[in-house]
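The values are calculated or read from the model by the stated rules, or taken from the named source; none is laboratory data. Just so it is clear, the structure is predicted and the values come from calculations on it, not from any experiment. FYI the Cβ positions are ideal-geometry reconstructions off the backbone, even for glycines, and counts take in every protein chain you see. Note: areas computed on protein heavy atoms with side chains; ligands, DNA, RNA excluded. Shrake-Rupley method; radii C 1.70, N 1.55, O 1.52, S 1.80 Å.
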Amino acid sequence: MFIGGPWVVPPNIARTRNELWLVSMVATTDCVVARIDRDVLSDWMISSEAVRDWANGVLRDALSRNADREWCLAALGGAERLTWFRQAFPGYEGIFPHTLIASFLGMTPVTMSRLRAQRKTR
């Protein structure tokens, strides 16, 4: 997922299986990171409805973003994927390396470069 601004990493349950991370994260610019231990967050969620609602909202948003991307990869061709990305993440093409965007869209950097060049000639 590409995030260009304040963001909360989804709860541990959405990022791990059998205590192993399923995702990697890379900061492409300077950022500030704060971490809450998963057990502490779980305790807060049990004791506070507000924290529980917030954490569940973060998880729902992450699942929704993942479902959108899965749909994109399954239903759209390369050019349509790039169009979807531009609509879903306006301005991100100028922020993130195109190799990362191509990988996110399930295509090679060469394919993405060609699609970008085709759009410029239209």
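Worth a mention:
- Applying the condition of being in a loop (DSSP other than H, G, I, E, B) and open to solvent by 80 Å² or more (accessible area, probe 1.4 Å) to segment 2-24 and asking which residue is modelled with the highest pLDDT yields Asn18.
- Candidate set: segment 46-61, residues that are among the polar types (S, T, N, Q) and assigned to a helix (DSSP H, G or I); chosen: the one nearest to Pro10 (Cα to Cα): Asn56
- Extreme residue, farthest from Gly94 (Cα to Cα), among residues of segment 30-52 that are open to solvent by 90 Å² or more (accessible area, probe 1.4 Å) and either in contact (Cβ under 8 Å) with a residue 24 or more places away in the chain or of a type in the set (Ser, Thr, Tyr) (or both): Ser47
- In segment 63-98, residue farthest from Arg114 (Cα to Cα) [restricted to those that are surrounded by 12 or more Cβ atoms within 10 Å (Cβ to Cβ) and polar (S, T, N, Q)]: Asn66
- Just one of the numbered conditions (1) open to solvent by 70 Å² or more (accessible area, probe 1.4 Å); (2) touching a residue at least 24 places away in the same chain (Cβ under 8 Å) is not true of Thr111: (1).
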